[in-house]
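The values are calculated or read from the model by the stated rules, or taken from the named source; none is laboratory data. All figures in this text were calculated on a predicted structure; none of them were measured in a lab. FYI the Cβ positions are ideal-geometry reconstructions off the backbone, even for glycines, and counts take in every protein chain you see.
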Amino acid sequence: MSELTLNRYLHNYFGCKVYKISLSTGCTCPNRDGKISKGGCTFCSSGGSGEFGQSAAPVHVQIENAIEKISTKLPKTKKVKFIAYFQSFTNTYETGEIPFEKLESIFIQAHSDSRIAALSIGTRPDCISPRMLDFLAELSKTKPVWIELGLQTIHESTAKKINRGYSLDVFETAYSELKKSGLAVIVHTILWLPGESKEMMKETANYLAKLNPPLDGIKFQLLQILRGTKMAEDYKKNPWPLPDMDEYCLFVKELADLMDEATVLHRLTGDGPKSLLIEPLWCANKRAVLNQLKKYFDLD
């Protein structure tokens, strides 16, 4: 059973308050540019599941801008650190436009900033080349590097339905190689994907709980139907049941209880852009959701 929330883990590990800042590599995704598909995952918005659009600014400028933007929220008398979070799209996807050397430079710039406590890099398990693996493993020797893999589900039928673009054995190979290289791995799951029962969602959580070596972190994401996505079209044609707030919070606690006690709970829900959200509308009220989660979790 895991009750290890991200805030608690960060404070224990770094000894101070740590904030995430979203940065951009400028990468696209092989599930969008035609290498695998041009449709992308059906749930993915035009922002690539990120909080903002891609930025063309050098990463050191992005860091300055991001810190300045949240500076009014920062404690004036206490030490703080930041996590460089490369969230949108597939941030280890090497292309002619963004080759390995450019990504190498971007990650080194972020890693070398003394205010950055760790790098968190969102990617796909089919987009980590051997040289990228070696490079990130070397970086992790002096500062934590987390690799965030979007698995979403272990069920192949659902993976095809959402156009994920790779099979479970691809994830298993990548996970094994990442762990052998000493890198921390965080896995994304999405709950209430079309056609998935609670039993199927539990099977995904149980699978992740039994990974060897143990999983470093997990994100439980409530499915959000967003305007402009293929999933929004599918939902309009044939809507499927989505949970109310209490049902979701109670169930995500049930899944968290399956996880190894050392696995960090990086996310328990999600709050997508309100301007794009179609369903479930209750998840737009982040404060209410957090208050409801507190009934079941010992949140910081």
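Here are the numbers for this structure:
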{"quantity": "Those residues of region 64-104 which are in a loop (DSSP other than H, G, I, E, B) and either closer than 23 Å to R267 by Cα or in contact with a Pro (Cβ under 8 Å, 6 or more places away or on another chain) (or both), in sequence order", "calculated": "L74, Q87, S88, F89, T90, N91, T92, Y93"}
{"quantity": "Odd one out for L226, checked against (1) within 21 Å of the chain's Cα centre (by Cα); (2) farther than 15 Å from T42 by Cα; (3) surrounded by 17 or more Cβ atoms within 10 Å (Cβ to Cβ)", "calculated": "(2)"}
{"quantity": "Boolean, K219 is out of contact with any helix residue (DSSP H, G or I) (no Cβ under 7 Å at 6 or more places or on another chain), modelled with pLDDT of 95 or more, under 28 Å from L168 (Cβ atoms) and in a helix (DSSP H, G or I)", "calculated": "no"}
{"quantity": "Residues satisfying the stated conditions in region 5-17, i.e. outside any helix (DSSP H, G or I) and more than 17 Å from the chain's Cα centre (by Cα)", "calculated": "G15, C16, K17"}
{"quantity": "Region 152-181 - residue that is of a type in the set (A, V, I, L, M, F, W, C) and touching a residue at least 12 places away in the same chain (Cβ under 8 Å) and, of those, nearest to T204 (Cα to Cα)", "calculated": "I154"}
{"quantity": "Residues located in region 272-297, provided they are part of a loop (DSSP other than H, G, I, E, B), of a type in the set (K, R) and over 12 Å from D246 (Cβ atoms)", "calculated": "K274, K294"}
{"quantity": "Top-ranked residue of region 116-144 - restricted to ones that are of a type in the set (A, V, I, L, M) and under 14 Å from the mean Cα position of the chain (by Cα), ranked as surrounded by the most Cβ atoms within 10 Å (Cβ to Cβ)", "calculated": "I121"}
{"quantity": "One residue from T189, T269 being modelled with pLDDT under 95, closer than 18 Å to T153 by Cα and touching a strand residue (DSSP E or B) at 6+ places or on another chain (Cβ under 8 Å)", "calculated": "T269"}
{"quantity": "Subset tally (residues that are of a type in the set (V, I, T) and under 19 Å from V145 (Cα atoms)) for region 192-220", "calculated": "1"}
